[in-house]
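**Q** I have a structure here, written as structure tokens, and I will follow up with some questions on it.
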Amino acid sequence: MIPTQIVTAQTATRSRGLALVLALLATLGPFSIDTFLPAMRAIGASLGAGPVEIQQALTVYLFCYGMMMLWHGSISDAVGRRPVVLVTTLLFGLASVGCALADNLTTLLIFRGLQGLCGGAGLVVGRAIIRDRFDGAEAQRMMSQVTMLFSLSPAIAPVVGGWLFGAFGWHAIFVFMALIGFGLFVISWFSLPETHAHERRQRLHLGTLLANYVQVGRKREFQLLAAAVAFNFAGFFVYIPAAPVFLMQHLGLGPEQFLWMFGPAVGGIMFGAFLSGRLAGRRDARQIVNLGYGVMFAALAWNLLYNLLFPPALFWNLAPLMIYTTGMSLVAPSITLNLMDQFPELRGTVSSLQGFSQTMLSSLVAGAIAPLVWDSPLTLALTMAFFLTWGFMFRTAFRRRLARNVALAGSTR
């Protein structure tokens, strides 16, 4: 008979291994954004595109990323989690080769779009895999572990991108992305389990898929929580497409120094995810989310006051981003699990719709809002205030609706 301690240790090791695989898959999307940023101007110059035109390489990627998120989860509900991951990682690698070989903006945009169509599968399907395998506090801890691991990507990616660009030119960035895509395909082939049993799968039929989307999307609680997560994230994300202007123009940094922003911000994400995992089972989800919002509003107050009163400075402009992402990362796991628990048989679809709503808002921020506000650190801070306030309002509306539903249920007994 195998001792309980050995079984527990083996289970913990398998869980950590699964968390690492899912984190690596989730990095594909953000890595494709952040590795690209330090070389954007040079790519534009090489392809004869101006700053606004080359910005569309980011917007097109995000738009396709968000649109396909609608399908990754629902297709995985029908055919299983593993096939979706294998196909998308392979296609991502091929699309990256196409980007590396592009000799004009149109070709680059086509293959960036294909990258976007594939890049979100690991994140969407990974969340469903976690909820397939784990429950309660264990699921929250697993979600937090994945968040901590994959959040390293935004810190590493711009540094890698800047180094590759400086050493080998911008084409090397996309060659590197191709190697990542093919590498994840091999890793997933040998180590990713199938967690969605045949008897729980939905019919792969357009009418069924659309009916599932309507069922999930029309529920008011889903709408409010998905909007809360998306707007919380947008409060930070506005700084991502603005990074070349924010760091190089306002703070005087070079293309190889993007780590000054992404390092602290990612450190905040990791610390928030760590706290979320530690608090799981010790505090209820509502308390954890309240704490996260308190942290985000403290960061916002710092950001606004400093930029109202003082000129840009490295520490004082970047520290609030680290504090903000700490709170953001505290809030997200609890809300995400709450969303998926509303539809146990449609977790992939729920994950898809949540990812879609968040990415579509991010695409709007990248393509339309960020260029309007990146000329000043104060306007960036005000934009953060706008998004966080709306995120908090959506979450507050959800709490009120939940309380009203509980009261109505009690009155009918």
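**Q** Taking the range 141-169 as the region of interest, how many residues are modelled with pLDDT under 75, open to solvent by less than 50 Å² (accessible area, probe 1.4 Å) and either touching a Gly at 6+ places or on another chain (Cβ under 7 Å) or outside any helix (DSSP H, G or I) (or both)?
**A** Within the range 141-169, residues that are modelled with pLDDT under 75, open to solvent by less than 50 Å² (accessible area, probe 1.4 Å) and either touching a Gly at 6+ places or on another chain (Cβ under 7 Å) or outside any helix (DSSP H, G or I) (or both) number 4.
**Q** Would you confirm, using the coordinates I've provided, whether Gln354 is open to solvent by less than 10 Å² (accessible area, probe 1.4 Å) and either of a type in the set (Ser, Thr, Tyr) or in contact with a Leu (Cβ under 9 Å, 6 or more places away or on another chain) (or both)?
**A** yes
**Q** Would you mention how many residues in the range 204-244 are free of Cβ contacts under 8 Å to residues at least 60 places away in the same chain and charged (D, E, K, R)?
**A** Final tally of qualifying residues: 1.
**Q** Let me ask another. Return the only residue of Thr208, Thr195 being within 23 Å of the chain's Cα centre (by Cα), more than 30 Å from Met296 (Cβ to Cβ) and polar (S, T, N, Q).
**A** Just a single option satisfies the conditions, and that option is Thr195.
**Q** Among the listed residues Gly116, Gly93, identify the single one that is at pLDDT 90 or above, in a helix (DSSP H, G or I) and either under 29 Å from Val216 (Cβ atoms) or polar (S, T, N, Q) (or both).
**A** When all the criteria are applied, what remains is Gly116.
**Q** Identify, by number, the condition in (1) within 17 Å of the chain's Cα centre (by Cα); (2) farther than 16 Å from Phe236 by Cβ that Glu345 doesn't meet.
**A** (1)
**Q** Does any residue in the range 279-296 that is farther than 12 Å from Ala332 by Cβ and open to solvent by less than 40 Å² (accessible area, probe 1.4 Å) come within less than 9 Å, Cβ to Cβ, of a residue that is in a helix (DSSP H, G or I) and of a type in the set (Phe, Trp, Tyr) six or more places away or on a different chain, and which pairs are these?
**A** Filtered contacts from the range 279-296: Val295/Tyr324.
**Q** Residues to consider are Ala49, Ala57, Ala45; find the one that is among the hydrophobic types (A, V, I, L, M, F, W, C) and either buried (at least 24 other Cβ atoms within 10 Å of the Cβ) or in contact with a Lys or Arg (Cβ under 8 Å, 6 or more places away or on another chain) (or both).
**A** Criteria check complete, one pass: Ala57.
**Q** So is Gly217 within 28 Å of Leu70 (Cα to Cα), at pLDDT 85 or above and surrounded by fewer than 18 Cβ atoms within 10 Å (Cβ to Cβ) or not?
**A** For Gly217, the condition - within 28 Å of Leu70 (Cα to Cα), at pLDDT 85 or above and surrounded by fewer than 18 Cβ atoms within 10 Å (Cβ to Cβ) - is met.
**Q** Is it the case that the range 170-181 has a residue that's touching a helix residue (DSSP H, G or I) at 6+ places or on another chain (Cβ under 7 Å), open to solvent by 10 Å² or more (accessible area, probe 1.4 Å), part of a helix (DSSP H, G or I) and at pLDDT below 80?
**A** For the range 170-181, residues touching a helix residue (DSSP H, G or I) at 6+ places or on another chain (Cβ under 7 Å), open to solvent by 10 Å² or more (accessible area, probe 1.4 Å), part of a helix (DSSP H, G or I) and at pLDDT below 80: absent.
**Q** Same structure, new question: Of (1) surrounded by fewer than 23 Cβ atoms within 10 Å (Cβ to Cβ); (2) under 29 Å from Met67 (Cα atoms), Phe258 satisfies all except one. Which?
**A** Condition not satisfied by Phe258: (1).
**Q** Does Phe231 meet the test of being modelled with pLDDT of 90 or more, under 30 Å from Trp163 (Cβ atoms) and either buried (at least 20 other Cβ atoms within 10 Å of the Cβ) or more than 23 Å from the chain's Cα centre (by Cα) (or both)?
**A** no
The values are calculated or read from the model by the stated rules, or taken from the named source; none is laboratory data. Source: prediction; values computed, not measured. Because the Cβ atoms are built from the backbone with ideal geometry, glycine has one as well, and the counts that use them run over all protein chains shown. SASA here: full protein model, heavy atoms, side chains in, ligands and nucleic acids out. Shrake-Rupley method; radii C 1.70, N 1.55, O 1.52, S 1.80 Å.
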